[in-house]
1. When you scan the stretch 5-27, do you find a residue that is under 12 Å from the mean Cα position of the chain (by Cα), in a strand (DSSP E or B) and either buried (at least 17 other Cβ atoms within 10 Å of the Cβ) or polar (S, T, N, Q) (or both), even just one?
2. List every residue pair whose Cβ atoms lie under 7 Å apart, where the two residues are 6 or more positions apart in sequence or sit on different chains, the first residue falls within the stretch 56-75 and is under 16 Å from H99 (Cα atoms), and the second residue, located anywhere, is of a type in the set (S, T, Y) and outside any strand (DSSP E or B).
3. I'm trying to understand the selection: among the residues of the stretch 51-74, which are surrounded by fewer than 15 Cβ atoms within 10 Å (Cβ to Cβ) and among the hydroxyl-bearing types (S, T, Y)?
4. Does the stretch 109-120 hold any residues that are in contact with a strand residue (DSSP E or B) (Cβ under 6 Å, 6 or more places away or on another chain) and either part of a strand (DSSP E or B) or over 12 Å from H2 (Cα atoms) (or both), and which are they?
5. Among the residues of the stretch 60-82, is any of a type in the set (D, E, K, R), within 19 Å of A116 (Cα to Cα), in a strand (DSSP E or B) and modelled with pLDDT under 95?
6. With hydroxyl-bearing (S, T, Y), surrounded by 13 or more Cβ atoms within 10 Å (Cβ to Cβ) and in contact with a helix residue (DSSP H, G or I) (Cβ under 7 Å, 6 or more places away or on another chain) as the only criterion, which of T33, T46 stands out?
7. How many residues are touching a residue at least 24 places away in the same chain (Cβ under 8 Å), surrounded by fewer than 18 Cβ atoms within 10 Å (Cβ to Cβ) and not in a loop (DSSP other than H, G, I, E, B) if we restrict to the stretch 83-100?
8. Does L123 qualify as being loosely packed, with under 13 Cβ neighbours inside 10 Å and in a helix (DSSP H, G or I)?
Amino acid sequence: MHIEERIHIAVPPMVIDHIWSEVDQWHLWDPDTKQARLHGPFAVGTKGRIVPKKGMGVPMVVTERSEGRSFTVEGHIPLFRMHFEHTVSQVDGGSEVAHRVWFTGALASLFGPGVAKQLKTGLPRTMQSLKTYAEQRHSKT
């Protein structure tokens, strides 16, 4: 099961990448995030924690990072992993941003549908919020 949302944002890809790298500020553009933190650099292997506005906090780890292009974090509870992939690419007039989510683990079939339902509602709102945040921030520079 994969969930994906895309949006055009009228800023260069490096602006999006910089916003992503400020993990402790994710709550400013992600309305479903209460707090996020990494215990080290924004790089593969760095662990941290993300706390949603609703629900329990979960450990996370950066599993992929390509500066200016993408990153993936994995959140996990026993027997259930949530993979959050973020990509940005240059297009005319700015950037195309995509967020993809999928689940793995023995309990994916049990927990996945409920989490997917929440994401299908929340992810479009998050993408629109990122667009507004990035464009307002970029217009100030």
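1. Yes, because at least one residue in the stretch 5-27 is under 12 Å from the mean Cα position of the chain (by Cα), in a strand (DSSP E or B) and either buried (at least 17 other Cβ atoms within 10 Å of the Cβ) or polar (S, T, N, Q) (or both).
2. Pairs that qualify, where the first residue is under 16 Å from H99 (Cα atoms) and the partner is of a type in the set (S, T, Y) and outside any strand (DSSP E or B), are V62/T46.
3. Once the filter is applied, which keeps residues that are surrounded by fewer than 15 Cβ atoms within 10 Å (Cβ to Cβ) and among the hydroxyl-bearing types (S, T, Y), the stretch 51-74 yields only S66.
4. Answer for the stretch 109-120, where residues must be in contact with a strand residue (DSSP E or B) (Cβ under 6 Å, 6 or more places away or on another chain) and either part of a strand (DSSP E or B) or over 12 Å from H2 (Cα atoms) (or both): just F111.
5. Going residue by residue through the stretch 60-82, those that are of a type in the set (D, E, K, R) are 64-65, 67, 69, 74, 81.
Add one more test, that the residue is within 19 Å of A116 (Cα to Cα), and what stays is 74, 81.
Going one step further and asking which of them are in a strand (DSSP E or B), we end up with 74, 81.
Now narrow it down to the ones that are modelled with pLDDT under 95: 81.
Yes, because at least one residue in the stretch 60-82 is of a type in the set (D, E, K, R), within 19 Å of A116 (Cα to Cα), in a strand (DSSP E or B) and modelled with pLDDT under 95.
6. Numbers: T46 fails: in contact with a helix residue (DSSP H, G or I) (Cβ under 7 Å, 6 or more places away or on another chain).
Residue meeting the stated conditions: T33.
7. Within the stretch 83-100, the first condition is being touching a residue at least 24 places away in the same chain (Cβ under 8 Å), and the residues that meet it are 86, 88-91, 93-100.
Cutting the leftovers down to surrounded by fewer than 18 Cβ atoms within 10 Å (Cβ to Cβ) gives us 89-91, 93, 96, 98, 100.
Filter once more, so that each one left must be not in a loop (DSSP other than H, G, I, E, B): 89-91, 96, 98, 100.
Qualifying residue count, the stretch 83-100: 6.
8. Values: loosely packed, with under 13 Cβ neighbours inside 10 Å: no; in a helix (DSSP H, G or I): yes.
Taking the combined requirement at face value, the residue does not satisfy it.
The values are calculated or read from the model by the stated rules, or taken from the named source; none is laboratory data. Small disclaimer: the values here were computed from a predicted structure and weren't measured. FYI the Cβ positions are ideal-geometry reconstructions off the backbone, even for glycines, and counts take in every protein chain you see.
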